[in-house]
Amino acid sequence: MLRSSLLDETSTSQLNGPIHIQYFVNCLKKLPQPYSVADTNRLTLVHFATQSLDILGFFDNPQNLELYNIDKQAIIDWIYSLRTTTRVVVPRNYIDDATDIQIPTDDSNSKDFDSNSNSNLRYGGFKGGTFLGPTLTSTSVSSTHEWNKYDDSHIAMTYVGLCTLATLGDDLTRVDRESIIQEMKDIQLTDGSFKSTKSGSENDMRFVYCACAVSHMLNDWTGMDIPKTLDYIRRCRTWDGGIGLSPGKEGHGGSTFCATASLSLMGKLEDVLEEDLGGGGGSSNGRVDTWRNELIRWCVSRQVRGMQGRPNKHEDTCYSYWIGGSLRLLGCEDLLDLDELRKFVLECQTDLGGFSKLEGGYFPDLLHSFYSLAWLSVSQPPAKIDGGGGENYTSGDVIPKTMAGGFTLNP
Amino acid sequence: MAADLDLDLVFHDITPIPQDDGPQPVCGIDYARSYVKAMDYFRAVLRKDEHSERALDLTHVCLVHNPANYTTWHFRRQILATLTLESTATPVTTKYNIDRVKADLALTSKLGGANPKNYQIWYHRQSLLEGLVKNDEEGLRCTDDELKYTAAVFEEDAKNYHAWSHRQWIVLTVNNPTIWDSELTYTDELITQDVRNNSAWNHRWFASHRAKKVPLLSYEKALLEAEYALKVAEMDPFNESPWRYLIGILKEQWRRREENASNFTELLDKYEGSILKMKNDMKERSGADGCSCVNLISAFIDILEMKHNTSAFEEAANFAHHLGMQHDPIRKKYWLLREKELRSRV
């Protein structure tokens, strides 16, 4: 939870908690027409709103639910209705337009959850919205449910679905872990990257991160080939020490976070970032030529006042999280001018509630609102022992808390 | 025109399927009525899995409303593939027949105009071009069109990440010496237009290294690239991109210097000298204090570090100190840490 004391000490702007709470509550109820282009990603919008409310301490006070008419269980049930896993018959001749193969209907490689069943397995996590037809209710997992063969799950939706369920206090027992892990194997490509859905999509670092976050939350890494994933991340290192979205691409704040967080979740941050790139120096001189050093330089160089996403581009509030978060994972976010950055982010609050990407009259949106709050939360200094309110946050914990609900399923 | 379709008429035999958002929807969207109608028919046609011209038109209507719906695009590709297979035209050698590819490229261009950062539109474009962009006569004509298309996108936004990604895919797919050389020339055009275009610098690295097919530039090529970077840095020494490019080129050589030790020392000395001169001349040329030029000094520190001797480390530490204390205060903590690390090696 964000401590108001922090803001008094370090900034001239205040965080306008109540107006933001109202903004996120309104979003949970109804979004205006321009959000139609996010129709397939509604679950990410639910995630942004819910986690933002959590950061603002909304759920800590049970009276808020009544006051603002929020039904946690209803949200949980709606999320569960977006599962795509059940046992169904997969129609013949389903063509995967990414690989142009016909997926056989008697897939002997797929796990048969019920050895007595003759029907074929449909597996996966969550989809992003109800745009394709009838809803799977929270309790119905039946072979009579009429599946649309195009109703694939999406790894980013699985990721935000799990985060949001955990944030709302759900115990995830209705999540079919094996089904999610099984699908993860189908969406990792031979180069180590991930696409988002079985039916085919672009593949890049975003989905690497989603897969790693899901594996972390389910405490099950059998769905991915870790060495291949690491190799992909290595190949995304750029000439200026940053990390691109895929090999050859320009270093970018978003992909930098996705890669750094993936490495952190895999427990491979030091292994990969502290490999000797060959410049020498050796341990006798105390500093080896490493990607870590270049990455830190790249990240701190992105601060103008706020953070820019790439060299010579504009500042944008969401990069405070992507790049501030990366530095946090590297243990050195204090190399930034945190006060200036906080001031910048707080200046991007809007009168309508929420945050925009820049100050100066822009409209707020859920993405920038969430990432602004996420960074403000993550960048809090450790709580004083007698301070109160910050006990949940330790330096190692914060990324898992804000991005994965602080939750892993015990085996 | 597809977008003016009278859906009730064309789909008179289809019962629309409304979206079932459950008893208590979350983050419900205030859809336009026309979008709801289109999607109600879309759900029905999808369930029926009808691959027809009218279904194709329906996807067009839906995509105009929401070009980010990846299922709509996927279904459209399924229909295109089926219609191609069913067509009685000349033998089908590609997944989608060429007329349909052209029509859909036009569609993605049109939708892409207002949505230049939409992943699904770019992915659809690439799907259409699989097998068509290649290193033969017809393939190269197609390639040329695509390079022109991305160039047109760069006229609106020269840093569009998706467009650069698409351009890289095209170049890598064709992968002949001519295209690599012409890409290098193209980056020079864009850098000349805007020396701060970091995307163009990234593409220059990509082109000069032929993606990663050239893991280490030859000494001669490295020299050319380093000279290029320095020349552009001189135009505005406060610009980060050319300095980082220069250091990237030098570091790459540094890491493999055992293979070419004497050449490397020469290279490093040359640039140490050039940068020092640029720094010292800055006052006279532009009135600015060379020491205040953060990106120049940062590059100089990196070069001194590569020199790898006590006096170089000490000199670098001093420069880092002044950046932190005076010239780059927002990165004070970073520079003072750099200073400490450098001094520890003295």
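If B:LEU267 satisfies every condition in (1) under 29 Å from the mean Cα position of the chain (by Cα); (2) open to solvent by less than 20 Å² (accessible area, probe 1.4 Å) but one, which is the exception?
(1)
Of all residues in the stretch B:21-39, which are open to solvent by less than 50 Å² (accessible area, probe 1.4 Å) and part of a helix (DSSP H, G or I)?
If the condition is that a residue be open to solvent by less than 50 Å² (accessible area, probe 1.4 Å) and part of a helix (DSSP H, G or I), then B:TYR35, B:ALA38, B:MET39 are the ones that fit.
Looking at (1) closer than 30 Å to B:MET306 by Cβ; (2) touching a residue at least 24 places away in the same chain (Cβ under 8 Å); (3) within 14 Å of chain B (Cβ to nearest Cβ), can you tell me which one A:LYS268 breaks?
Every listed condition holds for A:LYS268 apart from (3).
State which residue is farthest from A:GLY200 (Cα to Cα) when the search covers only the stretch B:28-73 and only residues that are of a type in the set (Lys, Arg) and in contact with a helix residue (DSSP H, G or I) (Cβ under 7 Å, 6 or more places away or on another chain).
B:LYS37
Within the stretch B:90-116, can you find the residues that are at pLDDT below 90 and within 17 Å of B:SER52 (Cβ to Cβ)?
B:ASN97
Pairs needed: first member in the stretch B:133-154, over 22 Å from B:LEU190 (Cβ atoms); second member anywhere, modelled with pLDDT of 95 or more and crowded, with 16+ Cβ neighbours inside 10 Å; C-beta distance under 6 Å; at least 6 residues apart or different chains.
Hits for this filter: B:ASN135/B:VAL174.
Against the definition (open to solvent by less than 40 Å² (accessible area, probe 1.4 Å), acidic (Asp, Glu) and either outside any loop (DSSP other than H, G, I, E, B) or over 16 Å from A:SER326 (Cα atoms) (or both)), how does A:GLU270 come out, yes or no?
In short, no.
Report yes if B:THR84 is of a type outside the set (D, E, K, R), modelled with pLDDT under 95 and surrounded by fewer than 16 Cβ atoms within 10 Å (Cβ to Cβ), otherwise no.
When the stated conditions are applied, B:THR84 does not pass them.
With B:ASP194, B:ASP188 as the choices, which residue is closer than 21 Å to A:SER301 by Cα and either in contact with a strand residue (DSSP E or B) (Cβ under 6 Å, 6 or more places away or on another chain) or surrounded by fewer than 18 Cβ atoms within 10 Å (Cβ to Cβ) (or both)?
Working: B:ASP188 fails: closer than 21 Å to A:SER301 by Cα.
The match here is B:ASP194.
For the stretch B:160-202, which residues satisfy the criterion of being within 8 Å of chain A (Cβ to nearest Cβ) and under 24 Å from B:LYS134 (Cβ atoms)?
Result: B:TRP164, B:SER165, B:GLN168, B:LEU172.
Among the residues of the stretch A:222-240, are any surrounded by 24 or more Cβ atoms within 10 Å (Cβ to Cβ), within 11 Å of chain B (Cβ to nearest Cβ) and in contact with a helix residue (DSSP H, G or I) (Cβ under 6 Å, 6 or more places away or on another chain)?
Yes - at least one qualifying residue is present in the stretch A:222-240.
If you take just the helices (runs of 4 or more DSSP H) that sit entirely in the stretch B:40-129, which of them hold at least 2 residues that are farther than 25 Å from B:TYR149 by Cα?
Here the list reads B:53-65, B:70-86.
If a residue has to be open to solvent by 30 Å² or more (accessible area, probe 1.4 Å) and more than 14 Å from chain A (Cβ to nearest Cβ) to count, how many in the stretch B:143-157 make the cut? Show your work before the answer.
To start, the set of residues in the stretch B:143-157 that are open to solvent by 30 Å² or more (accessible area, probe 1.4 Å) comprises B:144-145, B:148-149, B:152, B:155-157.
Narrowing further to those that are more than 14 Å from chain A (Cβ to nearest Cβ): B:144-145, B:148-149, B:152, B:155-156.
Looking only at that region, the number is 7.
Search the stretch B:53-90 for residues being of a type in the set (A, V, I, L, M) and under 26 Å from the mean Cα position of the chain (by Cα), and hand back the single one that is nearest to the other protein chains (Cβ to nearest Cβ).
If we take residues in the stretch B:53-90 being of a type in the set (A, V, I, L, M) and under 26 Å from the mean Cα position of the chain (by Cα), then B:ALA68 is nearest to the other protein chains (Cβ to nearest Cβ).
Tell me which residues, restricted to the stretch A:353-379, are under 15 Å from A:LEU45 (Cβ atoms), assigned to a loop (DSSP other than H, G, I, E, B) and touching a Lys or Arg at 6+ places or on another chain (Cβ under 8 Å).
Once the filter is applied, which keeps residues that are under 15 Å from A:LEU45 (Cβ atoms), assigned to a loop (DSSP other than H, G, I, E, B) and touching a Lys or Arg at 6+ places or on another chain (Cβ under 8 Å), the stretch A:353-379 yields only A:ASP365.
Go through (1) closer than 25 Å to A:ILE296 by Cβ; (2) without any contact (Cβ under 8 Å) to a residue 60 or more places away in the chain and name the single condition B:SER274 misses.
Tallying (1) closer than 25 Å to A:ILE296 by Cβ; (2) without any contact (Cβ under 8 Å) to a residue 60 or more places away in the chain, B:SER274 fails exactly one: (1).
Within the group B:ILE275, B:ILE249, which residue is aliphatic (A, V, I, L, M), open to solvent by less than 20 Å² (accessible area, probe 1.4 Å) and within 13 Å of another protein chain (Cβ to nearest Cβ)?
The match here is B:ILE249.
Here are the criteria: (1) within 13 Å of another protein chain (Cβ to nearest Cβ); (2) touching a residue at least 12 places away in the same chain (Cβ under 8 Å); (3) of a type in the set (Phe, Trp, Tyr); (4) crowded, with 21+ Cβ neighbours inside 10 Å. Tell me which single one A:TYR159 does not satisfy.
Unmet condition: (1).
Can you give me the number of residues within the stretch B:111-141 that are touching an Asp or Glu at 6+ places or on another chain (Cβ under 6 Å) and surrounded by fewer than 15 Cβ atoms within 10 Å (Cβ to Cβ)?
Residues in the stretch B:111-141 being touching an Asp or Glu at 6+ places or on another chain (Cβ under 6 Å) and surrounded by fewer than 15 Cβ atoms within 10 Å (Cβ to Cβ): 0 in total.
Give the residues of the stretch B:41-52 that are open to solvent by 30 Å² or more (accessible area, probe 1.4 Å), over 35 Å from the mean Cα position of the chain (by Cα) and on the phi < 0 side of the Ramachandran plot, sorted by residue number. Spell out the reasoning first.
Of the stretch B:41-52, the ones open to solvent by 30 Å² or more (accessible area, probe 1.4 Å) are B:47-49, B:51.
Next, only the ones that are over 35 Å from the mean Cα position of the chain (by Cα) stay: B:47-49.
Within the stretch B:41-52, B:ARG47, B:LYS48 qualify.
The values are calculated or read from the model by the stated rules, or taken from the named source; none is laboratory data. Owing to the predicted nature of the structure, the values given are computational and were not obtained by experimental measurement. Note: ideal-geometry Cβ built from the backbone for every residue, glycine included; neighbour counts use all protein chains shown. When the accessible area is computed, the model is the full protein with side chains, heavy atoms only, and any ligands, DNA or RNA have been set aside. Shrake-Rupley method; radii C 1.70, N 1.55, O 1.52, S 1.80 Å.
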